[in-house]
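The values are calculated or read from the model by the stated rules, or taken from the named source; none is laboratory data. These numbers come from a predicted model, not from an experiment. Virtual Cβ from ideal backbone geometry, glycine too; neighbours counted across all protein chains shown. Please note that ligands, DNA and RNA were not included when accessible areas were found on the heavy atoms of the full protein model with its side chains. Shrake-Rupley method; radii C 1.70, N 1.55, O 1.52, S 1.80 Å.
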Amino acid sequence: MQALQNKICSEGKVLSAEVLKVDSFLNHQMDPALMQDIGREFAKRFVDEGITKIVTIESSGIAPAIMTGLELGVSVVFARKRKSLTLQNNLYISQVHSFTKQETNDISISKEYLQATDRVLIIDDFLANGQAALGLLDVVKQSGATAVGIGILIEKSFQSGRTLLEQTGVRIESLARVASLEDGTVTFLETVTA
Ligand code: 5GP
């Protein structure tokens with residue numbers, strides 16, 4: 001997606017050969033117009049999949065997920081990373097190791113919001129080693145629902161996540177695929193036209 005690639009080039013900061021900072025439009029301050037375009041792009045790519053629910057993880061997945069849900073006309077449910085006072089029981093729970101925080105946490109979704117009949121699109125901001133997406137896939141599987149797709153904004157293709165997710169057989173759509181962050185420069189895997 002050209003608009004996302006342009007934004008990464010103009011505002012992204014390469015913190016190391018492994019970490020890209022995009023706090024100005026995604027992870028702290030957010031760009032609503034870009035999020036809307038992203039929602040439209042995911043909706044276009046997944047419109048024929050009969051999606052009934054979008055699942056993401058707090059917090060940075062929520063903005064693109066809600067825009068996609070708006071376009072597809074379906075509800076969005078986000079997995080919580082922390083225990084909530086109002087959300088204690090009746091949960092699907094999975095363990096996720098965080099790439100950026102280097103810690104393992106439970107993620108949870110209330111059983112109330114995922115049904116076995118749901119066809120789920122999973123959305124997340126980054127794909128690194130695939131642990132967040134695998135945790136979300138696990139939660140969806142526990143509910144008996146069908147994961148029909150994974151939508152990622154920024155895939156770091158030089159890390160292991162893409163390969164791991166491909167092994168699950170679930171369709172993956174990444175809007176920007178980063179081949180390398182070497183020498184402080186973002187290099188994309190492919191030039192896109194969308
Ligand atoms: P994974 O579970 O695929 O290893 O990592 C995905 C999660 O880690 C994303 O939800 C995102 O929050 C965070 N993450 C991974 N790599 C990066 C990165 O380079 N930059 C930022 N801002 N977040 C990242």
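Return yes when Val55 is of a type in the set (A, V, I, L, M), more than 25 Å from Ser10 (Cα to Cα) and away from the ligand (no atom under 11 Å from the Cβ) and no when it is not.
Details: of a type in the set (A, V, I, L, M): yes; more than 25 Å from Ser10 (Cα to Cα): yes; away from the ligand (no atom under 11 Å from the Cβ): yes.
Yes, satisfied.
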request  = Tell me which residues, restricted to segment 78-90, are within 19 Å of Asp125 (Cβ to Cβ) and surrounded by fewer than 21 Cβ atoms within 10 Å (Cβ to Cβ).
outcome  = Phe78, Arg80, Lys81, Arg82
key: Where Asp31 falls short, out of the listed (1) exposed (fewer than 14 other Cβ atoms within 10 Å of the Cβ); (2) out of contact with any Leu (no Cβ under 8 Å at 6 or more places or on another chain)   = (1)
request  = Could you tell me which residue of segment 78-90 is nearest to Val47 (Cα to Cα), considering only residues that are in a strand (DSSP E or B) and either within 16 Å of the ligand (Cβ to nearest atom) or in contact with a Gly (Cβ under 6 Å, 6 or more places away or on another chain) (or both)?
outcome  = Phe78
ask   = Is it the case that Asp124 is charged (D, E, K, R) and more than 28 Å from Ser24 (Cα to Cα)?
value = no
request  = Would you list the strands (runs of 3 or more DSSP E) that sit entirely within segment 91-189 and hold 2 or more residues that are within 12 Å of the ligand (Cβ to nearest atom) and open to solvent by 60 Å² or more (accessible area, probe 1.4 Å)?
outcome  = 91-97
request  = May I ask you to list the residues in segment 45-70 that are open to solvent by 20 Å² or more (accessible area, probe 1.4 Å) and free of Cβ contacts under 8 Å to residues at least 40 places away in the same chain?
outcome  = Val47, Asp48, Glu58, Ser59, Ile62, Ile66, Met67, Leu70
query = Looking only at segment 10-52, which residues are more than 15 Å from the ligand (Cβ to nearest atom), among the small types (Gly, Ala, Ser) and not in a helix (DSSP H, G or I)?
reply = Gly50
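Consider Met67 carefully, then state whether it is in a helix (DSSP H, G or I) and either at pLDDT 95 or above or within 17 Å of Ile152 (Cα to Cα) (or both). I'd like the intermediate steps shown before the answer.
Working: in a helix (DSSP H, G or I): yes; either at pLDDT 95 or above or within 17 Å of Ile152 (Cα to Cα) (or both): yes.
So Met67 passes the test.
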ask   = What are the residue pairs meeting all of these: first residue in segment 98-110, first residue within 15 Å of Ala128 (Cα to Cα) and in contact (Cβ under 8 Å) with a residue 12 or more places away in the chain, second residue in a loop (DSSP other than H, G, I, E, B) and near the ligand (Cβ under 8 Å from one of its atoms), Cβ atoms under 6 Å, and 6 or more apart or on different chains?
value = Phe99/Ala128; Phe99/Asn129
